[in-house]
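Structure, as structure tokens:
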Amino acid sequence: MAILLDDHYCFGANLKYTSQKQNSEYGNAIFSKFPIIDYENILLTSGKEQRGVLKARINVNGTHVNVYNTHLGLDLKERMIQVKEIINIMSQDSGEKILMGDFNTESSNQDYELLMDKGEVKNTLDEMQKTFPSSHPNIRLDYIFVSKNIDVYHSAVISSTASDHLPIVAELGLKK
């Protein structure tokens, strides 16, 4: 996909499937119009299915922005641990941050509240933008969060049946 779009990209595998017929990987990806300086896939504490966060440093016209993409577990207890790990990972990086992905949580849950309280990020979507299930969305599980020096010009949920979740997009800008 990134090659077709002429984008920079990175991928971090959290699970690897091997069989006699094929080998495949499951994980997180980041696509960028701007050059990716470096990236790292970090596995998170997980129960039934291995989860991770893909961390990339992207050069946006001379400013380095930290971008994180994740897919958290289904269980609240597991997500609380994973959110704490992500907060710790983000706290080690200086500069602006963008955190996005499938958080498998609603804004009324403890893990979301912990991220808002300790993660030093803000949500780009309003409460009315629902992402799951894609056929008849009635809850929001997917988010884009940004640090305080990033402006949100526009955010939207896109109607699509390509996944069980609806994709979200945001137009962002660095504050001067």
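The values are calculated or read from the model by the stated rules, or taken from the named source; none is laboratory data. Treat the numbers as computed from the prediction; the structure is a model and nothing was measured. A quick note on method: Cβ atoms are made from the backbone with ideal geometry, for glycine too, and the neighbour counts reach across all protein chains shown.
A few remarks follow.
- Pick from segment 28-47, criterion in contact (Cβ under 8 Å) with a residue 40 or more places away in the chain and of a type outside the set (A, V, I, L, M, F, W, C), ranking: surrounded by the most Cβ atoms within 10 Å (Cβ to Cβ): N28
- The listed residue being farther than 19 Å from V146 by Cβ and in contact with a helix residue (DSSP H, G or I) (Cβ under 6 Å, 6 or more places away or on another chain), out of G27, G52, G47: G47
- Exactly one residue among Q82, Q50 is crowded, with 16+ Cβ neighbours inside 10 Å, under 21 Å from D142 (Cα atoms) and either touching a residue at least 60 places away in the same chain (Cβ under 8 Å) or over 15 Å from the mean Cα position of the chain (by Cα) (or both), and that residue is Q50.
- Qualifying residue in segment 2-10 (condition: in contact with a strand residue (DSSP E or B) (Cβ under 9 Å, 6 or more places away or on another chain), loosely packed, with under 14 Cβ neighbours inside 10 Å, part of a helix (DSSP H, G or I) and without any contact (Cβ under 8 Å) to a residue 24 or more places away in the chain): yes
- In summary, Y26 fulfils each of the numbered conditions (1) touching a strand residue (DSSP E or B) at 6+ places or on another chain (Cβ under 6 Å); (2) modelled with pLDDT of 95 or more with the single exception of condition (2).
- The set of residues in segment 25-58 being of a type in the set (S, T, Y), part of a strand (DSSP E or B) and closer than 23 Å to L76 by Cα consists of Y26 alone.
- As a summary of the residue check, Q82 satisfies the conditions (1) closer than 20 Å to I144 by Cα; (2) in a strand (DSSP E or B) except for the one numbered (2).
- Of the set (1) under 16 Å from the mean Cα position of the chain (by Cα); (2) outside any strand (DSSP E or B); (3) not aromatic (F, W, Y), all apply to V67 but (2).
- Selection count, segment 94-110, where residues are of a type in the set (D, E, K, R) and out of contact with any Asp or Glu (no Cβ under 9 Å at 6 or more places or on another chain): 2
- Scanning segment 45-77 for residues that are of a type in the set (A, V, I, L, M, F, W, C), farther than 14 Å from Y26 by Cα and in contact with an Asp or Glu (Cβ under 9 Å, 6 or more places away or on another chain) turns up A56, V60, V65, L74, L76.
- Any hit, segment 87-104, residues being of a type in the set (D, E, K, R) and at pLDDT below 95: no
- Only one of E113, E106 that is within 27 Å of D93 (Cα to Cα), of a type outside the set (F, W, Y) and assigned to a loop (DSSP other than H, G, I, E, B): E106
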